[in-house]
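Worksheet: one structure, shown below.
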Amino acid sequence: MNKGKPRDRLTVAKRLDNRHPGAEKSDQGLIPWVIKGELILNCNCTVFCPCVISLGKHAPTEGYCQAWAGIRIDEGNYGEESLSGLNIGLILEIPGLMARGNWKAAAFIDDNASHKAYHGLIQIFTGKAKGTTGLFKNLVSEFLGAERAEVSFEKDGKTRKLKVGKKIDGEVIPVKGKDQNTDIVAVNTNYWMGSDITVATANKGRVRAFGRVWDFDGRSAEICSISWKGPER
């Protein structure tokens, strides 16, 4: 825990400007930003998530989606503020078809983020910074909140692990194909996260946050290299 960092906490999205008085509304959606790194996601689908190929036009296997995600930022910036080296945890809840919206979402921001980086990441993950994640502004009807947390994203061989305090404990690994040294990858998709999605499964998928008690061990997972930017896509 970095004791020198401010204890930012965003309970609801509409408080953003009150929590960060130095951020002018006129800047929203105008500041250039970049995030490059890797994303992992584990949801309640019993087989590989159909949203990747159908782009949200096919329902999740359970009729609704509950998911956690982790993002490792290898290179990034929001304006002149560096985001490199930071990790993010997310939880997502979608009541039906992904493309129909009415999502709920929450974010856990790396405790090592500066105040400006924290503010910038909230702008990005609420869709207000436009660009790749701008779809969140249209699809997320309720932003449950954002808070600082100890967020670790580790890679051990092909296994990826996300740990957000006691709130998210996840581990995903690629599904083995006929050639066990080659990952199964859906390539050249139009999926918003990235075009090439590695088919994976969760060895562990535990969430205890914002009233959610989820355990998605053995369920669908995804691994994806990301190259996001804004305000233009």
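One table, with the values for the structure above:
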| item | result |
| --- | --- |
| Rounded to whole Hz, the Karplus (6.51, -1.76, 1.60) HN-Hα couplings of the stretch 40-51, x for glycine and proline | 10, 8, 10, 10, 8, 4, 7, 10, 3, 3, x, 5 |
| Potential extension, R233-D74 segment - 0.36 nm per residue separation minus Cα distance | 55.3 nm |
| Per-residue HN-Hα couplings for the stretch 109-126 [Karplus 6.51, -1.76, 1.60; θ = phi - 60°; Hz; x = Gly/Pro] | 9, 3, 5, 7, 5, 5, 4, 5, 5, 4, 4, x, 5, 5, 4, 5, 8, 9 |
| Structure-based [θ]222 nm, the chain - -39500 (n - 2.57) summed over DSSP H runs of at least 4, per residue, nearest 500 | -2500 deg cm²/dmol |
| Mean Cβ count within 10 Å, highest first, over the residues of peptides 121-128, 147-154 | 121-128, 147-154 |
| Inter-label distance for K57 and K176, nm, one decimal - labels placed 7 Å from Cα along Cα-to-Cβ | 3.6 nm |
| Label point distance in nm, R208-N188, each placed 7 Å from Cα along Cα→Cβ | 4.6 nm |
| Value in Å of the Kirkwood radius, where the chain supplies the Cα pairs that are averaged | 17.8 Å |
| Violating pairs (Cα-Cα greater than 28 angstrom) within the set K137/K167; K36/K167; K128/K167; K36/K178 | K36/K178 |
| Given charges at beta-carbon only (K, R positive; D, E negative), |dipole| of the chain in Debye | 540 debye |
| Peptide ranges 201-214, 220-233, 40-53 listed from the most packed, as the mean C-beta count within 10 angstrom indicates | 40-53, 220-233, 201-214 |
| Local electrostatic count at R100 - Lys and Arg +1, Asp and Glu -1, tallied over other residues with Cβ under 15 Å | 0 |
| Calculated P(r) of the stretch 51-124 - Cα pairs past 16 Å, % | 56 percent |
| Kirkwood hydrodynamic radius of the stretch 116-233, from inverse mean 1/r over distinct Cα pairs, in Å | 16.1 Å |
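Since every read-out is calculated from the coordinates, none of them should be taken as a lab result. Quick caveat: nothing in here was measured; it's all calculated off a predicted structure. Glycine also receives a Cβ, built like all others from the backbone with ideal geometry; neighbour counts cover every protein chain displayed.
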